[in-house]
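The values are calculated or read from the model by the stated rules, or taken from the named source; none is laboratory data. Predicted model, so just to flag it, every value in this text is computed and none were measured. Virtual Cβ from ideal backbone geometry, glycine too; neighbours counted across all protein chains shown. Quick note on the areas: whole protein, heavy atoms, side chains included, nothing else; ligands and nucleic acids left out. Shrake-Rupley method; radii C 1.70, N 1.55, O 1.52, S 1.80 Å.
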Protein chains: 2
Amino acid sequence: MFPTYANVSERMAAPPALAISTVIFALRPSAVSGRPTLWLPLVKRIREPFEGMWALPGGPMTQAESLQDAAARNLRETTGLAPAYLEQLYAFGGLHRSPSERVVSIVYWALVQPTEAAMAQESANVKWVRADATGPLAFDHNEIVEYALWRLRNKMTYGSIAYHFLGEKFTLAAVREVYEAVLNRSVDPANFRRQLMTAPQIEATDEYLQGGKHRPPRLYRYTGVEAGGPPGFHQLS
Amino acid sequence: MFPTYANVSERMAAPPALAISTVIFALRPSAVSGRPTLWLPLVKRIREPFEGMWALPGGPMTQAESLQDAAARNLRETTGLAPAYLEQLYAFGGLHRSPSERVVSIVYWALVQPTEAAMAQESANVKWVRADATGPLAFDHNEIVEYALWRLRNKMTYGSIAYHFLGEKFTLAAVREVYEAVLNRSVDPANFRRQLMTAPQIEATDEYLQGGKHRPPRLYRYTGVEAGGPPGFHQLS
DNA sequence: TTAGTTAGAGTCAAATTGACTGAAACTAAT
DNA sequence: ATTAGTTTCAGTCAATTTGACTCTAACTAA
């Protein structure tokens with residue numbers, strides 16, 4: 001029933017290799033409009049298959065850590081990021097994802113805050129691209145990004161992940177910009193404000209964001225905790 | 001970056017074993033009230049670890065099939081079921097899920113229709129239990145069932161999976177009973193009807209369910225298709 | 001001082017929701 | 001044949017929520 005392999009002969013000839021990858025989302029100001037848009041970092045493959053192509057950060061599973069830990073560690077090693085939000089996306093196990101060997105990839109998705117996102121510097125092997133225009137990627141990574149985007153939008157309309165894009169204190173306009181960037185449509189500021197204010201998890205601080213060009217907006221704080229989710233899933237940071 | 005193992009020495013000493021399990025939900029009339037409640041089938045473990053305990057149906061991954069196919073095949077082999085709905089739930093990869101070896105389990109969840117559910121006969125090695133009272137299970141399967149229940153309830157309030165519990169044609173009262181069983185609270189029949197009628201994916205047939213004790217209800221049909229979801233995810237049946 | 005822009009409060013009609021009523025259709029018991 | 005009981009299904013009504021919009025306060029830059 002369950003694989004308890006009393007002896008080696010019972011095991012299948014060549015078990016699928018296990019890998020971990022991550023789709024990392026961050027908001028960055030658009031080059032054209034200046035408004036924040038969704039971006040993600042890619043790394044360049046340095047060996048076959050798909051050598052020279054861009055791909056999601058990832059690597060093989062190692063023995064001594066949970067899936068979540070493996071994702072977090074690999075992320076730190078490949079991009080230097082320690083995201084505030086890291087959740088399992090999906091296990092991809094199609095037969096021909098990799099041309100050579102059978103690989104099952106457990107893919108996580110992460111949200112990082114703007115201050116952190118700045119830490120993943122561009123280099124010859126790391127570049128940031130707009131989430132809706134990644135260009136052709138290695139393996140089935142285009143499909144994976146597509147699905148991650150769909151999940152992000154889904155969870156945004158429903159839940160409360162928007163705040164993981166932001167720092168501890170934020171303006172209501174910043175939250176609205178997250179919504180607008182992810183859902184890709186404009187939101188009425190007054191109505192959006194009204195909705196947030198009725199949500200009990202938004203707490204007003206007595207601080208205001210100074211240094212802007214216009215009336216200084218009040219800063220707020222998110223006090224809610226993610227409900228439900230898989231066992232062993234804990235918020236980092 | 002990605003596991004392409006040019007030579008064996010590069011591979012880690014003992015890669016985690018890969019397994020597939022499934023949480024199968026079906027509605028069955030409660031022994032006490034007669035109203036439908038959520039049940040799921042368990043299989044008895046016939047070897048260590050946890051020999052003699054009840055567990056979710058599952059087995060090791062074999063080489064030549066996708067994860068989805070592996071789940072469907074294993075389900076057919078262990079319980080005889082071919083569910084109308086089969087979706088990936090989560091990949092569980094804690095370090096100590098199995099006492100002997102490191103096992104990563106990719107768990108699917110399924111909804112089966114009452115006619116099909118009757119096919120999975122109880123036997124010495126298969127029993128059906130109420131989803132909210134499974135008793136102690138092998139491995140971390142209690143946590144898995146818990147999480148599957150959470151996901152089912154979540155998706156029910158939002159999406160349109162309720163119909164996968166039912167046959168092609170159904171009464172509105174049957175849909176309501178699905179909601180009541182899964183969400184575990186009563187729903188106002190008139191208001192529920194009104195909501196369903198405004199949904200464009202519900203199509204009225206000109207047939208009525210005869211043989212009941214009271215006014216015969218009209219039969220309806222679900223014409224919607226699941227939107228979004230991971231790539232390579234297709235409805236069976 | 002004035003023009004321009006954002007923050008934030010408030011208005012109003014339309015749409016949705018929750019609680020409820022009542023007639024119609026059927027069965028089973030009298 | 002009549003009646004009681006139960007379910008389907010249409011409809012009412014007040015409360016709440018939503019979308020579109022206005023208006024004033026607060027600030028900066030010209």
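Points worth noting:
- If you take all other residues with their beta carbon under 9 Å from the beta carbon of B:A82, and give Lys and Arg +1 and Asp and Glu -1, the sum is 0.
- Base-10 log of normalised Debye intensity for region A:34-73 (one unit scatterer per alpha-carbon) at q = 0.14 Å⁻¹: -0.50
- In the A-B interface, the accessible area buried, summed over both sides, Å² (probe 1.4 Å): 5000 Å²
- Beta bridge orientation in region A:14-141: antiparallel %, DSSP, nearest 5: 70 percent
- Counting only the Cα atoms, region A:162-222 fills a convex hull of 94 Å³ per residue.
- Mean projected area in nm² (Cα convex hull; one quarter of hull surface) for the protein assembly as shown: 26.1 nm²
- Amide H to amide H distances under 5 Å link A:V129 with A:L40, A:L42, where only residues 5 or more positions off or on other chains count and H is placed in the peptide plane.
- Rounded to 5, percent antiparallel among DSSP beta bridges of the protein assembly as shown: 75 percent
- In units of the compact-protein estimate 2.2 N^0.38 Å, region B:106-213 shows a Cα radius of gyration of 1.24.
- Under Karplus coefficients 6.51, -1.76 and 1.60, residue-wise ³J(HN,Hα) of region A:17-34 in Hz, glycine/proline x: 6, 10, 10, 10, 9, 9, 9, 10, 9, 8, 8, 9, x, 5, 5, 8, 8, x
- Phi-based couplings in Hz for region A:125-132 (Karplus 6.51, -1.76, 1.60; Gly and Pro marked x): 10, 10, 9, 9, 10, 5, 4, 8
- In the context of the full set of protein chains, residues of chain B present 48 Å² of accessible surface per residue (probe radius 1.4 Å, heavy atoms only).
- Neighbours of B:I144 by Cβ distance under 12 Å: Lys/Arg scored +1, Asp/Glu scored -1, total -1.
- Average projection area in nm² (convex hull over Cα atoms of region B:1-155, one quarter of hull surface): 10.9 nm²
- When the solvent-accessible area of region B:141-237 is split by element, carbon and sulfur atoms take up 49 percent of it, the probe being 1.4 Å.
- Under the span-like rule (Cα at least 15 Å along the axis, Kyte-Doolittle mean at least -0.5), DSSP H helices of chain A: A:172-183
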